[in-house]
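Any read-out appearing in this document is the output of simple, stated calculations on the displayed coordinates, not a laboratory observation. All values derive from a computational prediction rather than experimental measurement. Note that we place each Cβ from the backbone using ideal geometry, even for glycine, and neighbour counts take in every protein chain shown.
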Amino acid sequence: MANATTGQSGSMSATASAHDGDRLKGLLEDARDTTREQLIAAWQIESERISEQIASSWRNHLERVFEERFEELSARLEEQLRSSIDSTAAAAKLKARQEISTHLNQAVRRLTVFDSESDWGRAVVDGSEGFCERAALFSISGPSLRLEVVRELPRDARIDNTPLQSAPAFAGAIESRDPVAALRTRGELSDPVAELVGEAPDKKFYLFPIRARERVAAILYADSENGAALDVSALELLTTVAGFTLEGLVTETPARTELVSIATAAGAAPSVSSWFSLTKKDQELHLRAQRFARVQAAEMRLYKSQQVKEGRLQRNIYGALREEIDSTRNAFRRDFLSASPTMVDYIHVELLRTLANDDAELLGPDYPGPMA
């Protein structure tokens, strides 16, 4: 009987241990996801706020501002973690934050020190590692695409002077100057790009425009061939910083690289002419509206992370954040929509992309829809 009792106790102990292990694993995964959300949102907020500062004296600004903001962010997140969860989960979140922030920090530092266009392009593509499986950088030359650098794709591939009109997804990213997600079809990619990445109508790819002097100079292509997670927010942050550094290069040495000449070229492809048809005043208004929308969505993601998470699970983000979303929409309507008939509802764009992960149904049945 004693042996039987001992055996039962051992079995119960093993079951309890396995249960605790599963619980800890779940805590760790949840901690990592939450930390990633908060960290990327905070970086997005700060990057929008300092974008104009970095255009001048960019090298000094970039290193100093990111160091200062990163220290502030680290202290704030650590304090939040200590007060909100137990020590095990807190340690997991801190470790996850350190891993993500270290990778982003390394990418940012590398982007501040480069000697040529090829160094800059390689830094952008290498910086995407860990956030997507495959990446390629394309420069924009007038109405055409040119392949510059690849990762996890054939290195000997050459794509020169591919018309943007044959690659609607790229043209859309240039026109909107926002990330674009589309299915990997030849019709979206163009024949040469589809040959490079492989056509797969059941899989998505993402395009991240890189801006310099408020024009798209290059586009980062990203996908996950084997189904691994793709971190849209991290890649958007990476390309935002890449644009800052490229803009600084434009300011310092206008004749230094081909990408610089692309960024400052006066001409634009017919497929993206709508942006350039706006007056300078309207362009500036659109830029302010975009920054406002990005910051508002990122602040919801950072400071209301639990509500965002619950809203996604319940497929009703609007219901979880009704007060915040209504307040933001009202401010955007007052300050931007009423100011120009050409205005786009960038609040809707950011809510859909940043909070709902490009799934409109997650916004909920009561979401009022775009304002324009």
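Order of 234-245, 169-180 by packing, highest average Cβ count within 10 Å first?
Values: 234-245: 24.4, 169-180: 22.1.
Descending packing order for the listed peptides: 234-245, 169-180.
Could you rank the peptides 330-341, 313-324 by their average count of other C-beta atoms within 10 Å per residue, with the highest value first?
Working: 330-341: 14.8, 313-324: 17.2.
The peptides rank, most packed first, as 313-324, 330-341.
Sorted by average packing, counted as other Cβ atoms within 10 angstrom per residue and highest first, what order do 196-206, 299-309 take? Please report the intermediate quantities before stating the final value.
Values: 196-206: 15.9, 299-309: 18.6.
For the peptides 196-206, 299-309, the packing ranking is 299-309, 196-206.
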For residue 212, residues with placed amide H under 5 Å, excluding near neighbours: 217
If amide H atoms are modeled at 1.01 Å from N in the peptide plane, then the residues at a separation of 5 or more from residue 130, or on another chain, having amide H under 5 Å from its own are none
